[in-house]
Every structure is written in C-alpha cells, then in structure tokens.
Amino acid sequence: MTKKESHRQEEIQEKLKAEETGIPPEEQGSEEPAAMPPATDADIDAEIEALNGQIEKLKGELLRRAAEFENFRKQKEREAALSASRTLENNVRDLLPMLDDLKRLMHHIPAELQAMAEARPFIEGVELIRKNFCTWLENKGVREIDSKGKTLDVNFHEAITQIDAPGAEPDTIVEEYQTGYTIGDRVIRHAKVIVAR
C-alpha cells in the first residue's frame with residue numbers, strides 16, 4: 001500500500017467517525033477539553049454549602065452509628081451479667097440441700113457420741129466443711145433469711161403449718177423448718193416456717 005492510499009484510508013475513517021459522532025473532522029483531532037467558563041463566587045459558595053451539608057449529614061450518621069454500637073455493647077454486657085447471675089443462682093439452689101444435710105447432721109449428733117474422743121475429729125471435720133461451705137456462699141453474695149421471731153412475710157417465708165403458741169402474736173414465726181436464702185435482692189429459696197395462730 002502506498003502513502004497516498006494509506007492517507008486516503010485515514011481520511012475515509014475520519015469521515016465515518018465524524019458522521020457517527022456528529023463532530024467535524026477538523027475538530028476531532030484536538031484532544032484538549034472544551035474550556036469551562038470561570039466559576040463565579042455564587043457557584044463556589046453554593047458548592048461549599050452543598051459539601052458542608054454533606055459533611056454534617058455524614059457526621060450525624062456517624063454519631064447515630066456510634067450511639068447504636070454503644071447501646072448494643074451495654075445490652076450485651078447486661079445480658080452477660082444476667083446470665084452469670086442466673087447460673088450462680090441455679091448452682092447455689094442445687095447445692096443448698098447439701099448444706100441442709102450438714103446442718104441436720106450437726107444438730108442430731110448424739111451427746112454420747114460428742115463426748116467420745118474418737119468421734120471428735122470426725123465431728124470437727126464435718127463442722128469445718130459446713131463452715132467453709134457457708135463462707136463460700138457468703139463470698140458469692142448468698143445470705144440466710146432471718147426468720148425466727150419475725151412476722152410472716154410471704155416475700156421471704158413459706159408457712160407450712162400453724163400451731164398454738166402461747167405468748168406469741170398471730171403470724172409470728174415460732175420455728176424454722178428449712179432456712180431460706182437470698183442472693184443480692186432476689187430470693188433463691190423461701191424459708192419454710194411454722195407460724196403462730
């Protein structure tokens with residue numbers, strides 16, 4: 001192909017391109033963008049105002065997201081604390097019958113057995129186990145409900161029977177059948193009591 005033919009082909013391609021785009025061939029060759037008219041102060045102020053509005057919108061969105069995350073974090077902390085508290089409550093509730101058994105054992109040791117030197121170490125060992133168990137419960141926030149001599153309070157006591165008790169006012173607790181316990185301000189087991197008529 002000669003130079004003339006090659007030049008002729010380029011001209012044809014430029015014409016086809018001009019027909020497709022609608023731009024005359026003499027204007028197609030310039031790759032410089034069309035000059036924009038200079039911006040006025042009003043245009044610049046409007047653009048600044050639009051950008052400031054967008055910044056404020058994004059700041060507000062960021063603050064909302066931060067607050068939502070903080071609320072979510074606090075909720076999860078509360079749920080974890082509540083779950084731990086309920087787990088402790090359930091474990092203590094399951095262990096209380098063993099403490100009751102230790103108390104009954106210590107209460108019903110025959111006097112002649114207590115007097116025997118051979119039995120004394122076993123009795124002291126059982127008492128030490130009971131004391132250590134009570135100390136562990138106290139460290140976990142578990143407290144006994146004080147009942148004897150108090151007026152019946154259904155929030156803390158469960159009356160299992162009533163008896164005639166001379167000198168005692170009605171609804172006064174005269175005997176505690178089973179000790180009740182609280183953990184913090186929650187009752188984990190009501191005291192089972194006998195009240196005066």
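General remarks:
- Filter result for Thr161 (surrounded by 10 or more Cβ atoms within 10 Å (Cβ to Cβ), closer than 30 Å to Arg197 by Cβ and out of contact with any helix residue (DSSP H, G or I) (no Cβ under 7 Å at 6 or more places or on another chain)): yes
- Options Glu89, Glu77, Glu112, Glu118; residue that is farther than 24 Å from Ile145 by Cα and either under 39 Å from the mean Cα position of the chain (by Cα) or β-branched (Val, Ile, Thr) (or both): Glu77
- Among residues of the stretch 114-155 being of a type in the set (Asp, Glu) and under 24 Å from Tyr177 (Cβ atoms), the one that is surrounded by the fewest Cβ atoms within 10 Å (Cβ to Cβ) is Glu138.
Coordinate-derived values only; no laboratory data. Keep in mind that this is a model prediction, so the values were computed, not measured. Cβ atoms come from the backbone with ideal geometry, glycine included; neighbour counts cover every protein chain shown.
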